[in-house]
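Colleague: Below is one structure. I have some questions about it.
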Amino acid sequence: MKRRNFLVAAGAAFLAGCNKVAESAPGAKLLSAAESWHKAAHRFLSNREALAPEYPRSAISPYFRGNGSVDPTNGDYQAQAASDFANWRLEVRGLVETPLSLTLDNIRRLPQRTQVTRHDCVEGWSAIGEWTGPQLSLLLDAATLRPEARYIVFRCADELSGARYYESVDLIDAYHPQTIIAHRLNGEPLPIKNGAPLRMRIERQLGYKHAKYLTAIEAVASLEDLYGGKGGYWEDRGYQWYAGI
Amino acid sequence: MTKPAKRHALTTRLWHWSNLVAMVILFMSGLTISNAHRYLYWGDWGFEAKDAWLAVPRFPDWMTIPGYYSLAVARDWHILAAWLFALTLLFGWIAMLVNRHFKRDIATRREEWRPANIKADIAAHLRLDFDHGKGKYNFIQKLTYGLVLGVILPGMVLTGIAISPGMEPTFGWMVDLMGGRQSARSFHFIFAALVFGFFVIHVLLVILSGPIWQLRSMITGRDGR
Ligand code: HEM
Ligand code: HEM
């Protein structure tokens, strides 16, 4: 019992030290720098276009877990769902020459990419599903990015714990061939728990990057003016912006 | 056998103590990550208790970094300490090969594998006599250090890389070799458990064989006896 008390005390002192380091300015800087070293290492070792693995249909998991928002109740989402998303619009806007406003039908008529990929959640689990939708690059080229555009922001319809969900990627991931706007999962229209009617697939990063309930795609020069300024709902709550680790 | 006056090279000592710092941070932040989803699977995918081969117990906060449940903060620490850990290991291996410490003190010799020698070595360990080998380390010590340095620690880095989705486009073959991402995650956890097992026995043996001189040797390099 004594030894255990000693261990607990030593652990507590060590933890207090760690938390002091994390709270200090240089400590916080170091901790967030590590993320960009990983990103640099990943991009140095991998071709920018290198593909995440794609699986045969037989590898699809029996069911695709939903996480985060699984049935948004804010705004008019429920009414939209009741009308089968007939009035849903996806806007492409921000630093683009020709802003677009697309219906689901417009999106379904674009050239499609279908990919069976694995979804890795930051919590640790994985699921495999087949996704179908147009490549993001197609929409960005149709709208024509302005030269100042550095990030693509994904605007979402759902609120999680009272705050609006959003996400962002840089142009390398935005133009990656597997980055698609999915409207089908396993050959069926996207279920509500998985982000109906539209969601992103950013295949080389963790699940929280794959924004669901997508309403707009916005080209921006900086992420600082959006919400918490870190480029995403979970990033504003301390998670890494580069979620390839 | 005369023992060299210099027991541990500076590079060995630098590696050993930076490794300890990195390891403690990685292990304790790893326990928070484990708490985020306590099920381990084989194969490419898995997300429900019924598919798991192991339900890991929830680790109490005092064992974890940051000491309360925050997956975001734990991941910050984990991916920072991963650099210290991996670069120190690389440095340790280069130093050990260049100064021949590996060949001289850790690589086992053929005659040491004779059953009689192994039996004698185990018997000596049971009598708590650790100072009986011909070289600096006895057979079991060499074997254990060799496995830790050559298999388990590099295995931590490789399985850690294999769980990272950003690395997979390039290292997909490695993930396949491990049997899929969830298998790689299971191996990462198993290796962490092995490291912990080694750590407990290692520290226990240091204490049993004379903690003061052992620590003095590992810190100053001079044989502390
Ligand atoms: C370069 C070295 C390392 C890298 C790149 C790395 C990377 C990672 C990553 C990405 C995860 C998240 C896995 C998930 O999503 O569930 C993880 C989890 C974990 N790591 Fe490491 N790690 C490294 C070294 C270590 C070491 C040395 C230890 C312990 C001795 C350790 C212990 C753990 C544990 C216990 C988990 C939780 C496993 C789970 O339940 O998912 N890691 N590591
Ligand atoms: C409080 C923790 C630790 C203490 C007090 C400690 C102490 C020592 C001491 C005294 C030695 C020299 C043994 C001898 O000369 O016979 C040693 C060697 C060694 N320790 Fe540790 N150690 C600790 C943690 C660790 C950890 C966490 C690891 C790795 C997972 C580790 C791996 C090794 C290895 C591989 C050697 C052999 C080094 C060589 O000669 O290249 N130790 N340790």
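The values are calculated or read from the model by the stated rules, or taken from the named source; none is laboratory data. As the structure is a computational prediction, the values presented were derived from the model and not from experiment. Here the Cβ positions follow ideal geometry from the backbone for every residue, glycine too, while neighbour counts run over all protein chains shown. Heavy atoms of the whole protein, side chains included, go into the accessibility calculation; ligands, DNA and RNA do not. Shrake-Rupley method; radii C 1.70, N 1.55, O 1.52, S 1.80 Å.
Colleague: Does the range B:55-73 contain at least one residue that is in contact (Cβ under 8 Å) with a residue 60 or more places away in the chain and surrounded by fewer than 20 Cβ atoms within 10 Å (Cβ to Cβ)? So that I can check it myself, show each step before the final result.
Modeller: Taking the range B:55-73 first, the residues in contact (Cβ under 8 Å) with a residue 60 or more places away in the chain are B:56.
In the following step, the residues that additionally are surrounded by fewer than 20 Cβ atoms within 10 Å (Cβ to Cβ) were identified as B:56.
Scanning the range B:55-73, I find at least one residue that is in contact (Cβ under 8 Å) with a residue 60 or more places away in the chain and surrounded by fewer than 20 Cβ atoms within 10 Å (Cβ to Cβ), so the answer is yes.
Colleague: Being of a type outside the set (F, W, Y) and not in a helix (DSSP H, G or I), is that true of even one residue in the range B:81-98?
Modeller: From the range B:81-98, those of a type outside the set (F, W, Y) are B:81-82, B:84, B:86-90, B:92, B:94-98; that's our starting set.
Next cut, not in a helix (DSSP H, G or I) only: none.
Scanning the range B:81-98 turns up no residue that is of a type outside the set (F, W, Y) and not in a helix (DSSP H, G or I).
Colleague: Provide a single number: the residues in the range A:188-205 that are part of a strand (DSSP E or B) and more than 8 Å from the chain's Cα centre (by Cα).
Modeller: Applying the first criterion (part of a strand (DSSP E or B)) to the range A:188-205 yields A:188-189, A:199-201.
Within this subset, residues satisfying the condition of being more than 8 Å from the chain's Cα centre (by Cα) are A:188-189, A:199.
Final tally of qualifying residues: 3.
Colleague: Conditions: (1) more than 14 Å from chain A (Cβ to nearest Cβ); (2) surrounded by fewer than 20 Cβ atoms within 10 Å (Cβ to Cβ); (3) under 24 Å from B:W83 (Cβ atoms). B:V157 meets all but one. Number of the miss?
Modeller: (1)
Colleague: If you don't mind, there's one more thing I want to ask. Checking the condition near ligand 1 (Cβ under 10 Å from one of its atoms) and either polar (S, T, N, Q) or over 21 Å from the mean Cα position of the chain (by Cα) (or both), which residue from B:Y39, B:Y68 passes? Lay out the reasoning, then the answer.
Modeller: Values: B:Y68 fails: near ligand 1 (Cβ under 10 Å from one of its atoms).
From the options B:Y39, B:Y68, the qualifying one is B:Y39.
Colleague: Of everything in the range A:206-222 that's part of a loop (DSSP other than H, G, I, E, B) and touching a strand residue (DSSP E or B) at 6+ places or on another chain (Cβ under 7 Å), which residue is nearest to the other protein chains (Cβ to nearest Cβ)?
Modeller: The residue in question is A:L206.
Colleague: Which condition breaks for B:E48 when tested against (1) free of Cβ contacts under 8 Å to residues at least 40 places away in the same chain; (2) surrounded by fewer than 16 Cβ atoms within 10 Å (Cβ to Cβ); (3) within 10 Å of ligand 1 (Cβ to nearest atom)?
Modeller: The number of the failed condition is (3).
Colleague: Looking at B:F189, is it under 18 Å from the mean Cα position of the chain (by Cα), within 30 Å of A:Q240 (Cα to Cα), aromatic (F, W, Y) and within 12 Å of ligand 2 (Cβ to nearest atom)? Show your work before the answer.
Modeller: On the way: under 18 Å from the mean Cα position of the chain (by Cα): yes; within 30 Å of A:Q240 (Cα to Cα): yes; aromatic (F, W, Y): yes; within 12 Å of ligand 2 (Cβ to nearest atom): no.
Here the answer is no, as B:F189 does not meet what is asked.
Colleague: Another question about this same structure. Working carefully through the options A:E167, A:E130, find the one that is charged (D, E, K, R), within 14 Å of chain B (Cβ to nearest Cβ), open to solvent by less than 30 Å² (accessible area, probe 1.4 Å) and in a strand (DSSP E or B). Outline the logic, then answer.
Modeller: Details: A:E167 fails: within 14 Å of chain B (Cβ to nearest Cβ).
It is A:E130.
Yes/no per residue for (1) part of a helix (DSSP H, G or I); (2) touching a Lys or Arg at 6+ places or on another chain (Cβ under 9 Å); (3) surrounded by 17 or more Cβ atoms within 10 Å (Cβ to Cβ):
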residue: B:A120; (1), (2), (3): yes, no, no
residue: B:H132; (1), (2), (3): no, no, no
residue: B:L143; (1), (2), (3): yes, no, yes
residue: B:L147; (1), (2), (3): yes, no, no
residue: B:V151; (1), (2), (3): yes, no, no
residue: B:P169; (1), (2), (3): yes, yes, yes
residue: B:F187; (1), (2), (3): yes, no, yes
residue: B:V200; (1), (2), (3): yes, no, no
residue: B:V206; (1), (2), (3): yes, no, no
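Colleague: Right, something else. Under 21 Å from the mean Cα position of the chain (by Cα), in a loop (DSSP other than H, G, I, E, B) and closer than 26 Å to A:V8 by Cβ - does that describe any residue in the range B:51-60?
Modeller: Of the range B:51-60, the ones under 21 Å from the mean Cα position of the chain (by Cα) are B:56, B:59.
Narrowing further to those that are in a loop (DSSP other than H, G, I, E, B): B:56, B:59.
If we keep only those that are closer than 26 Å to A:V8 by Cβ too, we end up with B:56, B:59.
The answer is yes, given that some residue of the range B:51-60 is under 21 Å from the mean Cα position of the chain (by Cα), in a loop (DSSP other than H, G, I, E, B) and closer than 26 Å to A:V8 by Cβ.
Colleague: Looking at A:V8, is it in contact (Cβ under 8 Å) with a residue 60 or more places away in the chain, surrounded by fewer than 18 Cβ atoms within 10 Å (Cβ to Cβ) and among the hydrophobic types (A, V, I, L, M, F, W, C)? Give the derivation first.
Modeller: Working: in contact (Cβ under 8 Å) with a residue 60 or more places away in the chain: no; surrounded by fewer than 18 Cβ atoms within 10 Å (Cβ to Cβ): yes; among the hydrophobic types (A, V, I, L, M, F, W, C): yes.
It is false that A:V8 is in contact (Cβ under 8 Å) with a residue 60 or more places away in the chain, surrounded by fewer than 18 Cβ atoms within 10 Å (Cβ to Cβ) and among the hydrophobic types (A, V, I, L, M, F, W, C).
Colleague: Do we have B:I79 as facing chain A (nearest Cβ under 7 Å), under 18 Å from the mean Cα position of the chain (by Cα) and open to solvent by less than 20 Å² (accessible area, probe 1.4 Å) here? Even if it seems obvious, please write down each step before you answer.
Modeller: Values: facing chain A (nearest Cβ under 7 Å): yes; under 18 Å from the mean Cα position of the chain (by Cα): yes; open to solvent by less than 20 Å² (accessible area, probe 1.4 Å): yes.
Spelling it out, B:I79 is indeed facing chain A (nearest Cβ under 7 Å), under 18 Å from the mean Cα position of the chain (by Cα) and open to solvent by less than 20 Å² (accessible area, probe 1.4 Å).
Colleague: Return the pair list, or none, for Cβ contacts closer than 6 Å from residues in the range A:180-209 that are over 18 Å from A:Y233 (Cβ atoms) to residues that are of a type in the set (D, E, K, R), at least 6 apart or on different chains.
Modeller: Filtered contacts from the range A:180-209: A:I180/A:R113; A:I180/A:R201; A:A182/A:R199; A:A182/A:R201; A:N186/A:E130; A:I192/A:D71.
Colleague: Kindly provide the set of residues from the range B:16-41 that are facing chain A (nearest Cβ under 9 Å), away from ligand 2 (no atom under 16 Å from the Cβ) and open to solvent by less than 40 Å² (accessible area, probe 1.4 Å), ordered by number.
Modeller: Within the range B:16-41, B:S34, B:A36, B:H37, B:L40, B:Y41 qualify.
Colleague: What are the residues in the range B:171-185 that are open to solvent by 30 Å² or more (accessible area, probe 1.4 Å), more than 9 Å from chain A (Cβ to nearest Cβ) and free of Cβ contacts under 8 Å to residues at least 24 places away in the same chain, if any?
Modeller: B:W173, B:L177, B:M178
Colleague: Among the residues of the range A:104-132, how many are of a type in the set (K, R) and either out of contact with any strand residue (DSSP E or B) (no Cβ under 9 Å at 6 or more places or on another chain) or at pLDDT below 95 (or both)? Step through it out loud before you land on a result.
Modeller: Looking only at the range A:104-132, we keep the residues that are of a type in the set (K, R), and these are A:108-109, A:113, A:118.
From what is left, the residues that are either out of contact with any strand residue (DSSP E or B) (no Cβ under 9 Å at 6 or more places or on another chain) or at pLDDT below 95 (or both) are A:109.
Of the residues in that region, 1 qualify.
Colleague: Among the residues of the range B:106-118 satisfying the criterion of being basic (K, R) and over 24 Å from the mean Cα position of the chain (by Cα), which is most open to solvent (accessible area, probe 1.4 Å)?
Modeller: Applying the first criterion (basic (K, R)) to the range B:106-118 yields B:109-110, B:114.
Remaining after also requiring over 24 Å from the mean Cα position of the chain (by Cα): B:110, B:114.
Numbers: B:R110: 207, B:R114: 144 Å².
If we take residues in the range B:106-118 being basic (K, R) and over 24 Å from the mean Cα position of the chain (by Cα), then B:R110 is most open to solvent (accessible area, probe 1.4 Å).
Colleague: Of these, A:Y175, A:Y208, which one is under 11 Å from the mean Cα position of the chain (by Cα), surrounded by fewer than 23 Cβ atoms within 10 Å (Cβ to Cβ) and among the hydroxyl-bearing types (S, T, Y)?
Modeller: Numbers: A:Y175 fails: under 11 Å from the mean Cα position of the chain (by Cα).
Result of the check over A:Y175, A:Y208: A:Y208.
Colleague: Looking only at helices (runs of 4 or more DSSP H) that fall completely inside the range A:1-104, which ones have 1 or more residues that are touching a helix residue (DSSP H, G or I) at 6+ places or on another chain (Cβ under 9 Å) and at the interface with another protein chain (Cβ under 10 Å from one of its Cβ atoms)? Before the answer, list the steps.
Modeller: Details: elements: A:2-23, A:25-45, A:77-82.
Where helices (runs of 4 or more DSSP H) fall fully within the range A:1-104 and carry at least 1 residues being touching a helix residue (DSSP H, G or I) at 6+ places or on another chain (Cβ under 9 Å) and at the interface with another protein chain (Cβ under 10 Å from one of its Cβ atoms), they are A:2-23, A:25-45.
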